[in-house]
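The values are calculated or read from the model by the stated rules, or taken from the named source; none is laboratory data. The model shown is predicted, which means the values in this text are computed figures rather than measured ones. Here the Cβ is made from the backbone with ideal geometry for all residues, glycine too, and neighbour counts use every protein chain on show. The area values use the complete protein model at the heavy-atom level, side chains included, leaving out ligands, DNA and RNA. Shrake-Rupley method; radii C 1.70, N 1.55, O 1.52, S 1.80 Å.
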Amino acid sequence: EDADPNAGRYVRYEFPPRFLKLRQIGATVEFVVGDKPVEKFRMIERHYFRDQLLKSFDFEFGFCIPGSTNTCEHIYEFPQLSEAQVQDMIDHPFETASDSFYFVNDKLVMQNKAFYSYKSSLE
């Protein structure tokens with residue numbers, strides 16, 4: 001029986017409520033390419049609260065050299081949220097989610113899903 005290649009591609013993040021007040025954040029992605037070149041590498045990320053799309057990001061890496069280690073910093077511009085939306089997201093942990101789709105040559109090769117809580121008291 002074939003195993004699902006996307007099984008276990010889930011992560012949960014916990015942030016303090018003040019995180020939702022930020023205008024932008026940076027995130028660094030590092031990935032290693034195997035022994036074959038990667039053409040037209042692209043990542044699309046969609047962030048949701050419940051069924052409402054909050055923001056969509058589209059990052060194109062282009063061509064990646066075989067055997068290379070690549071690092072890229074993404075700057076995420078946060079959407080404008082009302083005070084009511086922010087409070088709703090705080091009051092409903094892990095109902096905010098994102099899907100990340102990875103493409104090579106316009107073919108989906110992997111998908112990750114993340115869930116977010118903004119109720120954490122961690123500072």
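Observations on the model:
- Cross-link reach list, lysines versus Lys119, counting only Cα pairs under 22 Å and skipping chain neighbours closer than eight places: Lys21, Lys55
- Of Cys64, Cys72, the order by accessible heavy-atom surface (1.4 Å probe, DNA, RNA and ligands excluded), from most exposed downward, is Cys72, Cys64.
- Average accessible surface area per residue within the stretch 1-90, 1.4 Å rolling probe, Å²: 72
- Residue-count net charge about Val104 - beta-carbon cut-off 9 Å; Lys, Arg +1, Asp, Glu -1: +1
- Of all accessible heavy-atom area on the chain, the percent that carbon and sulfur account for (1.4 Å): 51
- With the simple spin-label model, which puts each label point 7 Å out from Cα in the Cβ direction, the Gln52 to Cys72 separation comes to 3.0 nm.
- Rg/Rh for the chain stands at 1.02; both radii use Cα atoms, and Rh follows the Kirkwood definition.
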